[in-house]
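The structure appears right after this line, and notes come after that.
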Amino acid sequence: MALMPIITAPDPRLKAVSKPVETVDDEIRSLMDDMLETMYAAPGIGLAAVQVGVAKRIIVMDLAKEDEPRSPLFLVNPEITWVSDHDASYEEGCLSLPEHYAEVVRPAAVKVSYQDYDGEQQELEAEGLWATCVQHEIDHLDGILFVDHLTALKRNIILRKLLKAKKQKQKEVA
Ligand code: GNR
Ligand code: NI
């Protein structure tokens, strides 16, 4: 297992639309293991493959609290099959937008079909933080970041700050 560097915005790679996985084989499982390790180390509760530079439709998640046993979830080719009528607002963060948080409105509950770690077809119903997180991750697979749900003003403030932080970092290593 290996840690992978997480891409931060602004970066054109985060805007890529990820490609479906044809077969869940050992190579894909190995990638999912590395993604999970990277997510735990960050730490985060979800990670999309595109955030580590692999534009494939793969998500890992684990919403267990620190004092609870780990309960990872692997979703390959996830698709939202149902959304609730009512919305919920949640303060979101993103490992690709470090240190920035904002309230995002999304459907409060969703159903998602996907293939699991063994390539078996599954469906899950999510609400609360689960629903927020799985929608946030599926957005990544379509090149969408949580700031894309905000007003242009709020989005640009965050992206400008991240660009500035990136340039500052580049200066420090130069
Ligand atoms: O770790 C994460 N926490 C989080 C909190 C609220 C809403 C969404 C998330 S996902 C985020 C990790 C991440 O960036 N996944 O893409
Ligand atoms: Ni994210």
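The values are calculated or read from the model by the stated rules, or taken from the named source; none is laboratory data. The shown structure was predicted, so the numbers you read here are calculated from the model rather than taken from an experiment. Quick reminder, even Gly has a Cβ in these numbers, built from the backbone with ideal geometry, and neighbours come from all protein chains shown. For the accessible areas, the whole protein counts, side chains as well, though only heavy atoms, and no ligand, DNA or RNA atoms are used. Shrake-Rupley method; radii C 1.70, N 1.55, O 1.52, S 1.80 Å.
No other residue among S18, S113, S89 is within 13 Å of ligand 1 (Cβ to nearest atom) and open to solvent by less than 50 Å² (accessible area, probe 1.4 Å) apart from S18. The numbered conditions (1) away from ligand 1 (no atom under 14 Å from the Cβ); (2) within 22 Å of T132 (Cβ to Cβ) are all true for V60 except (1). Scan the range 125-149 for residues that are open to solvent by less than 30 Å² (accessible area, probe 1.4 Å) and in contact with a helix residue (DSSP H, G or I) (Cβ under 8 Å, 6 or more places away or on another chain) and the total you get is 9. Every test in (1) in contact (Cβ under 8 Å) with a residue 40 or more places away in the chain; (2) within 23 Å of K19 (Cα to Cα) is passed by K56 save one, and that test is (1).
One line per residue, one yes/no per condition, for (1) among the small types (G, A, S); (2) more than 23 Å from S18 (Cβ to Cβ); (3) touching a residue at least 60 places away in the same chain (Cβ under 8 Å):
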{"position": "E123", "(1), (2), (3)": "no, no, no"}
{"position": "W130", "(1), (2), (3)": "no, no, yes"}
{"position": "I138", "(1), (2), (3)": "no, no, yes"}
{"position": "I144", "(1), (2), (3)": "no, no, no"}
{"position": "H149", "(1), (2), (3)": "no, no, no"}
{"position": "K154", "(1), (2), (3)": "no, yes, no"}
{"position": "I158", "(1), (2), (3)": "no, no, yes"}
{"position": "L163", "(1), (2), (3)": "no, yes, yes"}
{"position": "K171", "(1), (2), (3)": "no, yes, no"}
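I59 falls short on exactly one of the conditions (1) open to solvent by less than 40 Å² (accessible area, probe 1.4 Å); (2) β-branched (V, I, T); (3) out of contact with any Asp or Glu (no Cβ under 6 Å at 6 or more places or on another chain), and that condition is (3).
Quick check on Y101: is it open to solvent by 50 Å² or more (accessible area, probe 1.4 Å), more than 17 Å from L14 (Cα to Cα) and within 13 Å of ligand 2 (Cβ to nearest atom)? Criteria met by Y101.
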